[in-house]
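Below is one structure, written out as structure tokens, with a few remarks after it.
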Amino acid sequence: TPLDHIRNFSIVAHIDHGKSTLADRLIQTTGGLQAREMTEQVLDSMDIERERGITIKAQTVRLHYVAKNGETYILNLIDTPGHVDFAYEVSRSLAACEGSLLVVDAAQGVEAQTLANVYLALDNGHEIVPVLNKIDLPAAEPDRVKEQIEEVIGLDASDAVMISAKSGIGIEDVLEAVVHRLPPPKEGDRSKPLKAMLVDSWYDAYLGVVVLVRIIDGELRKGQIIRMMGTDAKYPVDRVGVFTPKMLAMDVLGPGELGFITASIKEVADTRVGDTITEDKRPTTTMLPGFKPAQPVVFCGLFPVDAAQFDDLRAAMGKLRLNDASFSFEMESSAALGFGFRCGFLGLLHLEIVQERLSREFDLDLIATAPSVVYDIKLTDGTTIQLHNPSDMPDVMKIAEIQEPWIKATILTPDDYLGNILTLCQERRGIQTDLSYVGKRAMVTYELPLNEVVFDFYDRLKSISKGYASFDYSLIDYREGDLVKLSVLVNAEPVDALSMLVHRNQAERRGRAMCEKLKELIPNHLFKIPIQAAIGGKVIARETISALRKDVTAKCYGGDATRKRKLLDKQKEGKKRMRQFGKVDIPQEAFIAALKMD
Ligand code: GTP
């Protein structure tokens, strides 16, 4: 196929604006799948994705479209994830194509991730066609949304394509727009040495590692010995093909084309996204500008509730990692929770997804410790360490400075909730950098410490805005912070799993809340149990659980005691669900509840 008959494009949108529904329609309309083969949202292949309606792993499909001018075009659609945690995956998928459809829900208008994603597309030099979806909804206000797009993003929206992906209105117009308004791939040279970009890779149970490639120059064919220039690894190519969306074997891929290869690569970690693939015996001289690997920014400990499941957990994590090189884990042991793993994630949603997959797909019962960000700690001896786990915090005397990651957050909200949102950001040490209006909605940007966002920021934001605010963030830099390690002591024994790094001004509030919570959760013993929150040796909050007198029955206490009684009964059911701290037994439930707080 000549280059001017190829279009490589992606769809960018805010979550739920209809990207997957549109992609399905495009596949269906161009005959990629028969109607009976269509499951809802073909591109989202994992169950969890389908259930939550989010797309995690970028995938691509090749469509044959006979345009109104009678010519046949090859349209390669690259599916991109829509959530902030996966901005890196969005960006690398975008680098493999020349144009984007910007899908905006005509009833909701521009949202925070609409902006974030369209800016990524513009950064990649994309031509952009605005598409207004859900025009079937009575609440749709296409004219107002067009204005928003022009005002906020600065794109001409007068020719926006009006569609309903759900009822199938305007799909043909979208395909025509792709052909006529998006550019073909830039000129490549088939006779030159092979130069291809590694766009994505994933693990397939039958094929091993599958690599998605975009050919720049030269040809990629079966049997060729390829070399990954970044890692200098060589592999013979076993299979070459495209997705229709089913895998279809091909003899060769040429310049401008997107497709997959398999080459007996063992692990996804061996394939570096953004790497240049060339032919070993006739290599290209210039590498593509390399991509940065995704860095985990949020860490937490994951422990099996039942210690006997440790090996199962290890195996499950290994399996997950085969397909997700941005998820990292290493063994950790905690006095409170036993053996488990310290795990790194791209963000909170990524954490949630991994946790959910572990419990659902692998049937594991897990306890997660409070999420923590990565801190840079400068020591007095001039060295710097990266702290992933508050319990590894060095002695305060050895610390010269602690730096924490900051983000730039963009929030769009109906005006009514703005006041509460500003208060929330202010409480979280936020610095307001901008406030403007997009129609009736306020758009506010804040710089915030990520530390303040990983706890419950997103949940609070959703609840104070009744779900109407949208939020997006990107990391900006590391800044010095007055951070302290808050330790929790039960009967004078520190409980490692509950320690956290907090800003000095927040320490007392959080310490007090934790002590109060634990007082409720830990059952009475035959002796008094002090519960303390401390910074270093200094106690900043304290509660005491009174001693249980042998002849006193539960009914002498208030409602609080019945709850403790129930906890005690539960303990009897399964001794293994208890952890011992010095002389104190703490039920597993207490940890789970305590870690959920705030
Ligand atoms: P992510 O995969 O999370 O990024 O979401 P998405 O943008 O792919 O949205 P998706 O296609 O899952 O659609 C979100 C919801 O909007 C679904 O419930 C769809 O059925 C609905 N929807 C999509 N297109 C239309 C439309 O044209 N009209 C109406 N009324 N609903 C639509």
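The values are calculated or read from the model by the stated rules, or taken from the named source; none is laboratory data. Computed from a predicted model, the values in this text were never measured in an experiment. Because the Cβ atoms are built from the backbone with ideal geometry, glycine has one as well, and the counts that use them run over all protein chains shown. Calculation scope for accessible area: heavy atoms of the full protein, side chains included, ligands and nucleic acids excluded. Shrake-Rupley method; radii C 1.70, N 1.55, O 1.52, S 1.80 Å.
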Exercise for the section: Determine which single condition ASP189 fails, assuming it passes every other condition in (1) among the acidic types (Asp, Glu); (2) assigned to a loop (DSSP other than H, G, I, E, B); (3) crowded, with 20+ Cβ neighbours inside 10 Å. Expected result: (3)
Problem - Failed item in (1) hydroxyl-bearing (Ser, Thr, Tyr); (2) open to solvent by less than 30 Å² (accessible area, probe 1.4 Å); (3) at pLDDT 85 or above; (4) more than 9 Å from the ligand (Cβ to nearest atom), with SER20 passing the rest - result: (4)
Practice task
Select from the range 389-434 the residues that are open to solvent by 70 Å² or more (accessible area, probe 1.4 Å) and more than 24 Å from VAL152 (Cα to Cα) and list them in ascending order.
Solution key: ASP392, ASP395, VAL396, MET397, LYS398, THR423, GLN426, GLU427
Practice task
Answer with yes or no whether ALA177 is under 21 Å from ARG92 (Cβ atoms) and open to solvent by less than 50 Å² (accessible area, probe 1.4 Å).
Solution key: no
Completion exercise
Only one of (1) of a type in the set (Phe, Trp, Tyr); (2) under 25 Å from PRO2 (Cα atoms); (3) more than 28 Å from the chain's Cα centre (by Cα) does not apply to TYR235, and that is (2)
Practice task
Kindly provide the set of residues from the range 428-454 that are among the acidic types (Asp, Glu) and in contact (Cβ under 8 Å) with a residue 12 or more places away in the chain, ordered by number.
Solution key: GLU447, GLU452
Exercise for the section: May I ask you to verify whether GLY274 is open to solvent by 20 Å² or more (accessible area, probe 1.4 Å), of a type in the set (Gly, Ala, Ser) and within 16 Å of ASP200 (Cα to Cα)? Expected result: no
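Which residue is modelled with the highest pLDDT, if the candidates are limited to the range 149-162 and must be surrounded by fewer than 19 Cβ atoms within 10 Å (Cβ to Cβ) and not charged (D, E, K, R)? Outline the logic, then answer.
Going through the range 149-162, the residues surrounded by fewer than 19 Cβ atoms within 10 Å (Cβ to Cβ) turn out to be 150-151, 154-156, 158-159, 162.
Filter once more, so that each one left must be not charged (D, E, K, R): 154-155, 158, 162.
Details: GLY154: 89, LEU155: 93, SER158: 93, MET162: 97.
Ranking the candidates gives MET162 first.
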Exercise for the section: For the range 84-113, enumerate the residues that are open to solvent by less than 10 Å² (accessible area, probe 1.4 Å), within 18 Å of LEU412 (Cα to Cα) and β-branched (Val, Ile, Thr). Expected result: VAL103, VAL104, VAL110
Problem - Count - residues of the range 143-172 that are away from the ligand (no atom under 12 Å from the Cβ), in a helix (DSSP H, G or I) and not acidic (Asp, Glu) - result: 7
Fill in the blank from the handout: Sole miss for MET197 among (1) in a strand (DSSP E or B); (2) without any contact (Cβ under 8 Å) to a residue 12 or more places away in the chain is condition (2)
Handout entry: Identity of the residue in the range 4-17, open to solvent by 10 Å² or more (accessible area, probe 1.4 Å) and not β-branched (Val, Ile, Thr), that ends up farthest from the ligand (Cβ to nearest atom)
Key = ASP4
Problem - Positions within the range 125-136 being more than 12 Å from the ligand (Cβ to nearest atom) and surrounded by fewer than 20 Cβ atoms within 10 Å (Cβ to Cβ), in sequence order - result: GLY125, GLU127
Fill in the blank from the handout: Residues in the range 233-243 that are open to solvent by 20 Å² or more (accessible area, probe 1.4 Å) and within 17 Å of ASP200 (Cα to Cα) total 4
Handout entry: Only one of ALA116, ALA139 that is in contact (Cβ under 8 Å) with a residue 60 or more places away in the chain, within 13 Å of the ligand (Cβ to nearest atom) and either assigned to a helix (DSSP H, G or I) or open to solvent by 10 Å² or more (accessible area, probe 1.4 Å) (or both)
Key = ALA116
Exercise for the section: Determine, yes or no, whether PHE339 is open to solvent by 60 Å² or more (accessible area, probe 1.4 Å) and among the hydrophobic types (A, V, I, L, M, F, W, C). Expected result: yes
Problem - Counted residues, the range 50-98 - those being hydroxyl-bearing (Ser, Thr, Tyr), at pLDDT 75 or above and within 12 Å of the ligand (Cβ to nearest atom) - result: 1
Practice task
For residues that are of a type in the set (A, V, I, L, M, F, W, C) and outside any strand (DSSP E or B), tally how many sit in the range 469-508.
Solution key: 6
